[in-house]
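Structure first, commentary second.
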Amino acid sequence: MPTSEMGTVAYLAEPGRVEFRKYPVPEPGPGEIVTTVDRANVCGSELHIWRGDHPEIKEGSLGHEALCRIDSLGEGVETDYAGEPVEEGDLIAPVYYLTCRNCTACLHGQFHLCENVYEYWSRSPEEPPHFHGTFGTHYVVHQDQYFYKIPEGLDPSIAAGANCALSQVMFGLDETGVEYGDSVVVQGGGGLGLNAIAYANERGAETILVEGVEGRIDRGREFGVDHVVDFRQYDSVDARAERVRELTDGVGADVGVEVAGVPEAFTEGISLLRDGGRYLEMGNVTPGAMTDFDPGLLTRKSIDITSVVRYDPWYLHRALEFLAEQTDTYPYEDLIDAEFNLLDVDEALQQSDSREVTRATLLPH
Ligand SMILES: [Zn+2]
Ligand SMILES: [Zn+2]
């Protein structure tokens with residue numbers, strides 16, 4: 001690769017203001033891969049930072065969901081993390097964080113909680129190797145950053161989202177334990193919710209979606225949900241809990257999945273479950289947003305609560321395999337509803353923020 005090649009990154013100079021900067025494309029160090037970004041999705045985390053809602057991050061590189069093409073391999077990189085040989089030109093999906101395997105969490109096998117996950121997350125592009133975020137023409141995959149080759153035949157536009165929502169959902173539901181015949185109530189029909197429905201279906205569960213937005217309900221049906229509890233029809237927590245009991249032999253759901261991302265959903269979720277049920281908290285990610293909590297009810301109902309952030313990195317491999325197998329079963333291609341040139345990243349962020357589009361993709365080339 002000629003050392004004179006320049007690449008572009010979208011840089012958040014301050015909340016709401018994105019600038020483009022150019023840097024020389026680096027040579028990969030040992031264990032690294034320099035890639036060109038094939039496509040990158042706009043996800044909730046970018047919007048959170050872009051709006052200025054993140055408690056610490058107010059500037060830096062943006063982007064974490066992406067599909068990348070290998071430009072040059074650093075010394076020692078011969079396969080992906082599933083042992084598949086890789087070469088220049090291959091399409092890969094990188095996990096969006098690092099797994100150091102040396103910290104306390106890693107030593108306990110909790111790779112998703114690695115203390116060094118965000119070594120390069122949102123770093124200033126001024127710092128070499130410059131390409132720290134996926135909103136750019138290039139992206140550097142670091143040592144200790146798991147990545148996987150895209151399975152043959154999998155549509156790149158579908159594969160690009162695997163390293164966030166789907167991996168997250170598969171990990172969360174596995175940690176909670178969803179078994180054949182379980183009833184699973186999903187609170188919220190956004191990207192996480194649709195993936196939860198699809199994955200729970202494939203595990204042999206009966207699924208219930210609690211949602212009040214028409215388009216999201218329609219999509220839930222397209223993703224094979226068995227029942228919908230419509231907020232507009234069941235307009236109180238009691239009414240929704242009653243409806244879920246009707247759908248579950250009068251007892252409540254075996255498993256609840258909070259992917260609505262509002263604190264009140266947590267309180268409500270407990271009331272949708274049967275005694276001895278299991279609850280997965282995954283949608284609320286901002287500390288400090290409060291809701292009422294009834295510990296006595298929790299004890300009486302003996303609910304197991306599981307909460308997860310990120311996922312063990314090999315889940316990305318499972319997610320890609322899942323997508324490759326289920327492409328014809330679920331309309332994943334409909335989830336990406338807008339494509340933008342990288343240079344129109346402002347527009348992509350604005351339209352995602354105002355929910356004019358559900359999932360925007362940036363195409364840098
Ligand atoms: Zn670690
Ligand atoms: Zn994401």
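The values are calculated or read from the model by the stated rules, or taken from the named source; none is laboratory data. Bear in mind that the values here come from a model prediction, so they are computed numbers and not experimental data. Heads up, the Cβs are rebuilt from the backbone with ideal geometry, glycines too, and the neighbour counts pull from every protein chain shown. SASA here: full protein model, heavy atoms, side chains in, ligands and nucleic acids out. Shrake-Rupley method; radii C 1.70, N 1.55, O 1.52, S 1.80 Å.
Please find, within segment 99-126, the residue that is surrounded by the most Cβ atoms within 10 Å (Cβ to Cβ) out of those that are assigned to a loop (DSSP other than H, G, I, E, B) and within 16 Å of ligand 2 (Cβ to nearest atom). I'd like the intermediate steps shown before the answer.
The initial filter retains those residues of segment 99-126 that are assigned to a loop (DSSP other than H, G, I, E, B), namely 99-103, 108-110, 114-126.
Next, from what is left, pick out any that are within 16 Å of ligand 2 (Cβ to nearest atom): 117-118, 120-122.
Working: Val117: 24, Tyr118: 14, Tyr120: 21, Trp121: 17, Ser122: 21.
Among them, the one singled out is Val117.
Residues in segment 86-123 that are of a type in the set (Lys, Arg) and near ligand 1 (Cβ under 8 Å from one of its atoms): Arg101 only. Is it the case, given these coordinates, that Tyr148 is surrounded by fewer than 20 Cβ atoms within 10 Å (Cβ to Cβ), in the same structural domain as Ser72 (by TED's automatic domain parsing) and among the aromatic types (Phe, Trp, Tyr)? So Tyr148 does not fit the description; no.
Quick check: anything in segment 75-85 within 16 Å of ligand 1 (Cβ to nearest atom), in contact with an Asp or Glu (Cβ under 9 Å, 6 or more places away or on another chain) and of a type outside the set (Ser, Thr, Tyr)? The answer is no; no qualifying residue exists. Residue-level check: of (1) touching an Asp or Glu at 6+ places or on another chain (Cβ under 8 Å); (2) under 20 Å from His138 (Cα atoms); (3) not in a strand (DSSP E or B), Ser4 misses just (1).
So which of Ala162, Ala93 is modelled with pLDDT of 95 or more, within 16 Å of ligand 2 (Cβ to nearest atom) and open to solvent by less than 10 Å² (accessible area, probe 1.4 Å)?
Just one listed residue meets the conditions, Ala93.
Is there a residue in segment 34-49 that is acidic (Asp, Glu), in contact with a strand residue (DSSP E or B) (Cβ under 6 Å, 6 or more places away or on another chain) and within 16 Å of ligand 2 (Cβ to nearest atom)?
no
Considering only segment 129-142, I want to know if a residue exists there that is away from ligand 2 (no atom under 16 Å from the Cβ) and surrounded by fewer than 16 Cβ atoms within 10 Å (Cβ to Cβ). No - not one qualifying residue is present in segment 129-142. The residues of segment 101-142 that are closer than 23 Å to Glu56 by Cα and touching a helix residue (DSSP H, G or I) at 6+ places or on another chain (Cβ under 8 Å), listed by number, are Ala105, His112, Leu113, Cys114, Glu115, Ser122, Phe135, Gly136. Residues in segment 161-180 that are under 15 Å from the mean Cα position of the chain (by Cα) and aliphatic (A, V, I, L, M): Ala162, Ala165, Leu166, Val169, Met170, Leu173.
Annotation for segment 46-62: no member residue is under 23 Å from the mean Cα position of the chain (by Cα), within 16 Å of ligand 1 (Cβ to nearest atom) and in a loop (DSSP other than H, G, I, E, B). In a residue-by-residue description of segment 51-73, the property of being touching a strand residue (DSSP E or B) at 6+ places or on another chain (Cβ under 9 Å), among the hydroxyl-bearing types (Ser, Thr, Tyr) and open to solvent by 20 Å² or more (accessible area, probe 1.4 Å) applies to no position.
For segment 249-264, a residue qualifies if it is crowded, with 22+ Cβ neighbours inside 10 Å and either within 18 Å of Ser236 (Cα to Cα) or among the small types (Gly, Ala, Ser) (or both), and the qualifying residues are Gly252, Ala253, Gly256, Glu258, Ala260.
Looking only at segment 275-296, filter to residues that are open to solvent by 70 Å² or more (accessible area, probe 1.4 Å) and closer than 17 Å to Ala241 by Cβ; which one of those is modelled with the highest pLDDT?
Asp275
The set of residues in segment 165-192 that are open to solvent by less than 20 Å² (accessible area, probe 1.4 Å) and among the hydrophobic types (A, V, I, L, M, F, W, C) comprises Ala165, Leu166, Val169, Met170, Phe171, Leu173, Val178, Val184, Val185, Val186. What is the number of the single condition among (1) farther than 22 Å from Glu56 by Cβ; (2) in contact (Cβ under 8 Å) with a residue 24 or more places away in the chain; (3) not hydrophobic (A, V, I, L, M, F, W, C) that Glu87 does not meet? Checking Glu87 against (1) farther than 22 Å from Glu56 by Cβ; (2) in contact (Cβ under 8 Å) with a residue 24 or more places away in the chain; (3) not hydrophobic (A, V, I, L, M, F, W, C), the one that fails is (2). Among the conditions (1) more than 19 Å from the chain's Cα centre (by Cα); (2) free of Cβ contacts under 8 Å to residues at least 60 places away in the same chain, Ser183 misses just one, which is (2). When every residue of segment 228-248 is checked against the conditions, at least one turns out to be open to solvent by less than 30 Å² (accessible area, probe 1.4 Å) and part of a loop (DSSP other than H, G, I, E, B). When residues in segment 1-38 are screened for being in contact with a Pro (Cβ under 6 Å, 6 or more places away or on another chain), hydrophobic (A, V, I, L, M, F, W, C) and closer than 19 Å to Asp144 by Cα, 1 of them pass.
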